[in-house]
Amino acid sequence: MSLKVYNSFSRTKEVFTPITPGHVGMYVCGPTVSGESHLGHARPYITFDFIYRYLTYKGFKVRYVRNITDAGHFEEEGREAEDKVSKKAILEKLEPMELVQKYTNLFHWAMLQFNCVEPSIEPTATGHIVEQISMIEKIMAEGYAYEVNGSVYFDLKKYAATHDYGKLSGRIMDDLLETTRELDGQQEKRDKADFALWKSAAPEHIMRWKSPWGDGFPGWHIECSAMATKYLGADFDIHGGGMDLQFPHHESEIAQSTICNHHAPARYWLHNNMITINGKKMGKSYNNIIKLTELFSGNHPLLTQAFAPMTVRFFILQSHYQSPVDFSSEALLASEKALKRLWEAYEVLKKLTVPMEQEATDTVLDAKVLQWVNEFDEFMDDDFSTAKILANMFELAPVINGIKDGHIPGTALAGTTLVLLQQQFKVYLQDIFGLTHTTGADDNTLQGVMQLLIDIRKEAKNRKDYVTSDKIRKQLTTLGVELKDEKDGSMSWNK
RNA sequence: GGUCCUGUGGCCGAGUGGUUAGGCAAAGCUCUGCAAAAGCUUCUACAGCAGUUCGAAUCUGCUCGGGACCUCCA
């Protein structure tokens, strides 16, 4: 089966063919560590995490590069030569690198919470100033950049004359050139649409590096081009990021790399859609940001409760990565319950056993189960349709629970079917979707304490002392531990 | 203003022209000391109008609504 991905560049679903058979180079735009990550940031990292995991599952050796943007960029181009990082640093009275470190650590912590696999390489912009400068020099040598007052700009008009600038984002060059915007510093550019490759640093600017054009700092787009080229080559497979980065960021990356390397950087451009909140994109300008720390703690006016990272991960998996997803406390609560139900079915499934040589007594059900399971790969190959796989899993859950409860005879499914079901559930739920569940079952002390409580409750129940047995169950519930009486008289629990 | 996307049942969300998406919520039943969980059942929608077609949520056009980008943005 071949993997098909929606390529933003061609606006069609294409068969994915890596440049080097068996290997995939993937670059994803990482965070700007000038502030705390919010819910919106979670989406690309979780999306490209399961894409990375799936490519690995398919047998590709993937080099996954995700940068850390720690060299600030100007907040409003040309208005003031102050970058995000230095501005915030002054406000918080921190060293720029101290601030960068703080938010980098926080970002890594969040990725850990979401169970995101670490990228193969996580380069920082500040660690690649030399590469960025040399790339700018090459572009200048090619005649597509010019220097003015210590800043270097990309000559977009010249580029657009022979190249299709705007193809990725569906932009029309003439419109861009016509866009009238009166900003300070715009005058030094040959054309308003030209973007900066290097900006001259004003004396008060903290983050600054020496360059052939004087002290300054790199432009917004050049870091990704420089780092992607360095670690993945001039021509690599996948470039990913949020849809809002298509223009101007990715468009400009294409222009820079095309001139510098004489080659468009990536074959496949993958973009995840936005998370909205009450229909509006989550963003600073809308003042509707929910930080990840707030989400995990429930400490936000829009939240009715705290939500676990896995709930968020599941919530994102429940829709296609290219669809916008609207956030609400209610929607997340639904995800929380759904994940719980699914995970419990998975736990049940793990314990089911049937002899391998068992033949299916219910061939209709057996065929259905096989179809649902086999569709996992099919759906994932179809541009990573995680939502459809989850739907199939929910179709399978009643079958699993039915076998456990005895509504469905244990022999209904063939031994080989059950084994395949168990295997694929594990592979998808844990290895590809990256979901985890903490039952506390790995805590020996807690295990022992719970067993003790279960024993006491069983004894109480046996002598019909329901006051005691209900008290144990009720108090455990308030502690967040759920105790269930099974049909066979045993008890199970989970956190 | 320009470019593009989108409008699915109480809510969230899959949907590749013909067949039940799925989840959450709600109702009933079974099981249970009571619960919870689980199982079974019910609720069956595609913004509006027109067109193409034997047949459209799915294609086309128009109208209305929502959103993204055009500026830092995941």
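The values are calculated or read from the model by the stated rules, or taken from the named source; none is laboratory data. Only a predicted model underlies this, so the values are computations on that prediction, with no experimental measurement involved. Every residue, glycine among them, receives a Cβ derived from its backbone with ideal geometry; neighbour counts consider all protein chains shown. Side chains are part of the model used for accessible areas, which takes the heavy atoms of the whole protein and leaves out ligands, DNA and RNA. Shrake-Rupley method; radii C 1.70, N 1.55, O 1.52, S 1.80 Å.
Here are some notes:
- Residues of segment A:234-290 satisfying the condition of being of a type in the set (D, E, K, R) and more than 12 Å from RNA strand B (Cβ to nearest atom): A:235, A:237, A:267
- Residue in segment A:110-121 that is at pLDDT 95 or above, farther than 21 Å from residue A:313 by Cβ and touching a Cys at 6+ places or on another chain (Cβ under 8 Å) present: no
- Test result for residue A:59, of a type outside the set (Lys, Arg), in the same structural domain as residue A:119 (by TED's automatic domain parsing), on the phi > 0 side of the Ramachandran plot and touching a residue at least 12 places away in the same chain (Cβ under 8 Å): yes
- So residue A:259, is it in contact with an Asp or Glu (Cβ under 6 Å, 6 or more places away or on another chain), open to solvent by less than 40 Å² (accessible area, probe 1.4 Å) and over 20 Å from residue A:109 (Cα atoms): yes
- For segment A:431-473, a residue qualifies if it is open to solvent by 60 Å² or more (accessible area, probe 1.4 Å), out of contact with any Phe, Trp or Tyr (no Cβ under 7 Å at 6 or more places or on another chain) and more than 15 Å from RNA strand B (Cβ to nearest atom), and the qualifying residues are A:438, A:442, A:443, A:444, A:445, A:447, A:449, A:451, A:452.
- Filter result for residue A:357 (open to solvent by 90 Å² or more (accessible area, probe 1.4 Å) and more than 8 Å from RNA strand B (Cβ to nearest atom)): yes
- Test for residue A:251: is it touching a Ser or Thr at 6+ places or on another chain (Cβ under 6 Å) and not hydrophobic (A, V, I, L, M, F, W, C): yes
Per-residue answers, yes or no, for (1) in a helix (DSSP H, G or I); (2) charged (D, E, K, R):
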residue: A:447; (1), (2): yes, no
residue: A:452; (1), (2): yes, no
residue: A:460; (1), (2): yes, no
residue: A:468; (1), (2): yes, no
residue: A:471; (1), (2): yes, yes
residue: A:476; (1), (2): yes, no
residue: A:480; (1), (2): no, no
residue: A:484; (1), (2): no, yes
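- Residue list for segment A:211-234, restricted to those being touching a strand residue (DSSP E or B) at 6+ places or on another chain (Cβ under 8 Å) and open to solvent by 40 Å² or more (accessible area, probe 1.4 Å): A:215, A:220, A:231
- Long-range neighbours under 7 Å by Cβ, at least six apart or interchain, first residue farther than 18 Å from residue A:296 by Cα within segment A:98-115, second open to solvent by 20 Å² or more (accessible area, probe 1.4 Å) and part of a helix (DSSP H, G or I): A:99/A:88; A:99/A:92
- Output for segment A:184-206, where each listed residue is under 14 Å from residue A:71 (Cα atoms) and crowded, with 23+ Cβ neighbours inside 10 Å: A:197, A:198, A:199
- Identity of the residue in segment A:23-56, touching a strand residue (DSSP E or B) at 6+ places or on another chain (Cβ under 6 Å) and of a type in the set (Gly, Ala, Ser), that ends up farthest from RNA strand B (Cβ to nearest atom): A:25
- Among the residues listed as A:436, A:468, the single one being of a type in the set (Ser, Thr, Tyr) and within 28 Å of the chain's Cα centre (by Cα): A:436
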